[in-house]
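Some notes on the structure that comes next.
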Amino acid sequence: MHRKFRLSTALDIDDVLMECTAYAVKLANEKYKFDPPLSIYEIKQWGRQGTRSDAIFEFFNDPDFYRTQPVMEGAKEFVKKLSTMTEVFVSTAIPPEFMGIRAKRIMEEFPEISADHIYMGARKDKIKVDILFDDGMHNVLRSSAQYPILRRWPWNQAATGVLAVNTYDEFLKMVEVISDSYSVREQPDILSEPSIVVFVGASGSGKSKIAKKVLEKTDKFEKLTSYTTNDPTAVEINTWYNYVSVDEFIRMRESGEMFQSTMYAGHGYGSCKPDVEAILQKGKHVLTTMDICGAMSLKTNFRNVITIYIKRDKKALLGAILRKNSSIEDKVNRIVAIEAEDQTADICDYIVKFDTYDEAVDKICKILKIDE
């Protein structure tokens, strides 16, 4: 199917194009001389928490805050690039008394966005666009956009199952993949050179079990071991992950050791580029399981990345989740995410529906040309 018009994208301003929370943290540290300094990681949810981090909210009532907000690094180049790919709008929630300041800043800093494409107000669910890019979990969950995408920050780490990115490059790659999903695509020859195959699917879909069975059928693929903060004592032993502490996970992410990281059911998951490269340098193909956000990170950082959505009957998904040796909260988070995750199937390269694991493995082996 060919789309006859351009995709449309609505961009948030605060913490998407302009520094907001980090800027308020900086101002709070300068004013109150916190020791140790207030960190953005102390803001674990949006809104007042009854802690010293509440000091940031006073700056949101100061017009000078909006006049002096720094543009985020790379934001201008990002908007220029996105403007060649989609029609770009702004959807920003700001107190009415500061709307004039906000509009002036947008037009000065981002001339690609015309004045009649700037929408102000808290009801972002009323904006009819194809893609929304926002850091507010509530805006993403309520959005009427077909593809609401979350900009990851410490205060929205609890979001599970939604499309989410950490960088502008990841967002642009996701837009590219979404755009391609509206057109007839030639499926790439994944065996033409060392490739990366990612199994995507809702919790309980059996991604890891199917991947293990595929690996048993060929020596051309090698599994990628990723990292997670999930407690290994609370789950079945899973050799697809190295378990690390939350502090170590943050350190690896912030130092750049991880090229991708995401949150799922309250736990961090991430992968390191050298681990992927080590497999490819052997002349082997990489096989891994990730959510759609991790898969998009792979597509951003590597060539020849193929995504296969593992689609299982919802009743079977629920049964698999309920049988997990994990907390009630963990199970609830996974169940809540099922519908949102299923909506990402259409932007994967292949969809594999199955009733039995052997059926799934047979279908995947045909896609991957194993045993031919």
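The values are calculated or read from the model by the stated rules, or taken from the named source; none is laboratory data. Computed from a predicted structure; not experimentally measured. Please note: Cβ atoms are built from the backbone with ideal geometry, for glycine as well, and neighbour counts cover all protein chains shown. These area figures cover heavy atoms from the full protein model, side chains too; ligands, DNA and RNA do not enter into them. Shrake-Rupley method; radii C 1.70, N 1.55, O 1.52, S 1.80 Å.
Kindly indicate whether any position in segment 102-115 is part of a strand (DSSP E or B) and either under 19 Å from Lys76 (Cα atoms) or open to solvent by 10 Å² or more (accessible area, probe 1.4 Å) (or both). Break it down into steps so the answer makes sense when it comes.
Step one: of segment 102-115, the residues part of a strand (DSSP E or B) are none.
No, every residue in segment 102-115 fails to be part of a strand (DSSP E or B) and either under 19 Å from Lys76 (Cα atoms) or open to solvent by 10 Å² or more (accessible area, probe 1.4 Å) (or both).
Might you check whether a residue that is open to solvent by less than 80 Å² (accessible area, probe 1.4 Å), in contact (Cβ under 8 Å) with a residue 12 or more places away in the chain and in a loop (DSSP other than H, G, I, E, B) occurs anywhere in segment 47-68?
Taking every residue of segment 47-68 in turn, none turns out to be open to solvent by less than 80 Å² (accessible area, probe 1.4 Å), in contact (Cβ under 8 Å) with a residue 12 or more places away in the chain and in a loop (DSSP other than H, G, I, E, B).
How many residues does segment 24-37 contain that are closer than 15 Å to Phe60 by Cβ and either surrounded by 12 or more Cβ atoms within 10 Å (Cβ to Cβ) or of a type in the set (Phe, Trp, Tyr) (or both)?
Going through segment 24-37, the residues closer than 15 Å to Phe60 by Cβ turn out to be 24-28, 31.
From what's left, either surrounded by 12 or more Cβ atoms within 10 Å (Cβ to Cβ) or of a type in the set (Phe, Trp, Tyr) (or both): 24-28.
The number of residues fulfilling the criteria is 5.
Does Ile308 meet the test of being open to solvent by less than 30 Å² (accessible area, probe 1.4 Å), more than 19 Å from Ala164 (Cβ to Cβ), among the aliphatic types (A, V, I, L, M) and touching a Cys at 6+ places or on another chain (Cβ under 7 Å)?
Numbers: open to solvent by less than 30 Å² (accessible area, probe 1.4 Å): yes; more than 19 Å from Ala164 (Cβ to Cβ): yes; among the aliphatic types (A, V, I, L, M): yes; touching a Cys at 6+ places or on another chain (Cβ under 7 Å): yes.
Yes: the conditions hold for Ile308.
Can we say Asp362 is in contact with a strand residue (DSSP E or B) (Cβ under 8 Å, 6 or more places away or on another chain), within 29 Å of Val276 (Cα to Cα) and at pLDDT 90 or above?
It is false that Asp362 is in contact with a strand residue (DSSP E or B) (Cβ under 8 Å, 6 or more places away or on another chain), within 29 Å of Val276 (Cα to Cα) and at pLDDT 90 or above.
Select from segment 34-81 the residues that are modelled with pLDDT under 95 and on the phi > 0 side of the Ramachandran plot and list them in ascending order.
Once the filter is applied, which keeps residues that are modelled with pLDDT under 95 and on the phi > 0 side of the Ramachandran plot, segment 34-81 yields Gly47, Gly50.
Which of (1) in contact with a strand residue (DSSP E or B) (Cβ under 9 Å, 6 or more places away or on another chain); (2) modelled with pLDDT of 95 or more does Thr84 not meet, given it meets every other one?
All conditions pass for Thr84, except number (1).
Determine whether Glu108 is under 24 Å from Pro154 (Cβ atoms) and either touching a helix residue (DSSP H, G or I) at 6+ places or on another chain (Cβ under 8 Å) or of a type in the set (D, E, K, R) (or both). Break it down into steps so the answer makes sense when it comes.
Numbers: under 24 Å from Pro154 (Cβ atoms): no; either touching a helix residue (DSSP H, G or I) at 6+ places or on another chain (Cβ under 8 Å) or of a type in the set (D, E, K, R) (or both): yes.
So Glu108 does not fit the description; no.
Mind checking which residues of segment 245-296 are part of a helix (DSSP H, G or I) and in contact with a helix residue (DSSP H, G or I) (Cβ under 6 Å, 6 or more places away or on another chain)? Walk me through it before giving the result.
Filtering segment 245-296 for residues part of a helix (DSSP H, G or I) gives 246-254, 273-281, 292-296.
Selection gives Met296 alone.
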